[in-house]
1. Using alpha carbon centroids, what distance separates segment 2-38 and segment 168-208, in Å?
2. Hey, what angle do you get for helix 145-157 against the long axis of the chain, alpha-carbon based, 0 to 90 degrees rounded to 10?
3. Given a 1.4 angstrom probe, I'd like the percentage of the accessible area of the chain that is carbon and sulfur, rounded to a whole number.
4. Accessible area per residue for the chain in Å², computed with a 1.4 Å probe and the full protein assembly in place, what is it?
5. Helix 64-73 against the longest principal axis of the chain: what's the angle in degrees, Cα atoms only, rounded to the nearest 10?
6. Kindly rank 312-325, 224-237 from highest to lowest mean number of other beta carbons found within 10 Å of each residue.
7. For a 22 Å ceiling on Cα separation, which of these pairs sit above it: Lys280/Lys321; Lys85/Lys321; Lys8/Lys206?
8. List the aspartates and glutamates whose alpha-carbon lies under 17 Å from that of Lys189, not counting same-chain residues fewer than 8 positions away?
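The values are calculated or read from the model by the stated rules, or taken from the named source; none is laboratory data. No experiment lies behind these values; they were computed from the predicted model shown. We place every Cβ from the backbone using ideal geometry, glycine too, and count neighbours over all the protein chains shown. The protein model used for the area step is the full one, side chains on, heavy atoms only, and it has no ligands, DNA or RNA in it. Shrake-Rupley method; radii C 1.70, N 1.55, O 1.52, S 1.80 Å.
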Amino acid sequence: MKYQKLGKTDITVSKVAFGCWGIGGGNVWSDMSVDAAHVADLLDAASDLGINYVDTAPVYGIGHSEEILGKALQGRRDRFIVQTKCSLNWRGEGGEFEYERDGKTVMRDHRASAVRKDVEDSLTRMNLDHIDSLVVHRISRTVPVEETMAELQKMIQEGKIRAVLISNSTPEDFENYSRYGTVAGVQEKLSLFNNAQEVYFPTCDKYEAVFQVYGSLEEGALTGRRFYEKSFGKGDVRANAKWMQEPYRAKTEELFDCLDALAGKYDCSSVNLVQAWTLKQYERLNLLTGFRRAETMQDTCKALDVEISDEDCALIGKLGKAVREAE
Ligand SMILES: NC(=O)c1ccc[n+]([C@@H]2O[C@H](COP(=O)([O-])OP(=O)(O)OC[C@H]3O[C@@H](n4cnc5c(N)ncnc54)[C@H](OP(=O)(O)O)[C@@H]3O)[C@@H](O)[C@H]2O)c1
């Protein structure tokens, strides 16, 4: 395993982080039910691989991901940097409408009282006395950054949280947040099919912040052809994958053919090549990947040792670009 500092904090995190959206299930990730004992096995597998960083959020399974992660962390807490999120809740206390999920109305709320309650609820659900890293899940359209960040700084002083990241944001948001305290990193989508957030790299350089990537496998849609043989339930986020439909199909086939061919050359899985391409995009990148199986976790860690040549990296990038521009 490789490790990096979480921005300018004293927290050291593994380069591969274990994303717990899928274990939360709910309608959004619905084809496999996962209980706390299974998550405990995944945490042990993570430790064996050197992974010490886990990411969840209150909204994953509407509390369920945090609850089963919290149970699984009993007796294992000291091995992990636990990261969860704030600013989306379903308490019915106001804010702006975000979405309906699993029978709940989720609101975006960045008021001081709301983010404090988010943290307290997460601590209760996970049965923890502190959260190592707290990600502001969405950026507010109405509440001043100053109010939110002041409350997060207070909670750092109180020992409830140790570090703050922001997500689904822009470099300008980062500058705004940084006026009121340290932002250790960002959690943003980046994949072969969506590279818009690479605009963030100079800002991460400037603040020595971590660029934590989510969705590098497009929730499975970049794992290969077999993904497209599965059918997903209504509301499952993976049902939205459009890459094997027209007008993308031919270009996606080309990309998968190339990855399969290069997998032989590098003696790794084709998924590893997608991950090696992702890792090569930015030095301080943190590879946050969703897992529900120890096998996928083990395979992903191998990507850290796959040194793709600049030429092959450019080829993979070019084929990914052709897919996203096929429209
Ligand atoms: N801030 C945000 O708004 C935001 C949004 C989305 C996600 N996230 C976070 O980012 C994490 C990762 O994103 P994600 O879960 O959406 O999607 P992802 O990491 O792009 O894809 C996860 C899927 O890829 C599969 N997989 C992982 N490694 C593999 C490998 N080596 N070979 C084959 N398949 C592999 C997993 O399989 P198995 O399930 O079978 O193990 C899982 O189904 C989430 O869990 C969550 O913590 C944050």
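1. Going from one Cα centre to the other spans 20 Å.
2. The two axes meet at around 80 degrees.
3. Working: 6440 of 13820 Å².
Of the solvent-accessible surface of the chain, carbon and sulfur hold 47 percent.
4. Details: 13820 Å² over 327 residues.
Value returned for the chain: 42 Å² of accessible area per residue.
5. Taking the Cα atoms of the chain, the angle to 64-73 is about 90 degrees.
6. Values: 312-325: 16.4, 224-237: 13.4.
Ranked from most to least packed, the peptides come out as 312-325, 224-237.
7. Details: Lys280/Lys321 16 Å; Lys85/Lys321 31 Å; Lys8/Lys206 11 Å.
Too far apart for the 22 Å limit: Lys85/Lys321.
8. Lys189 reaches Asp55, Glu172, Asp173, Glu198, Glu218, Glu219, Glu283.
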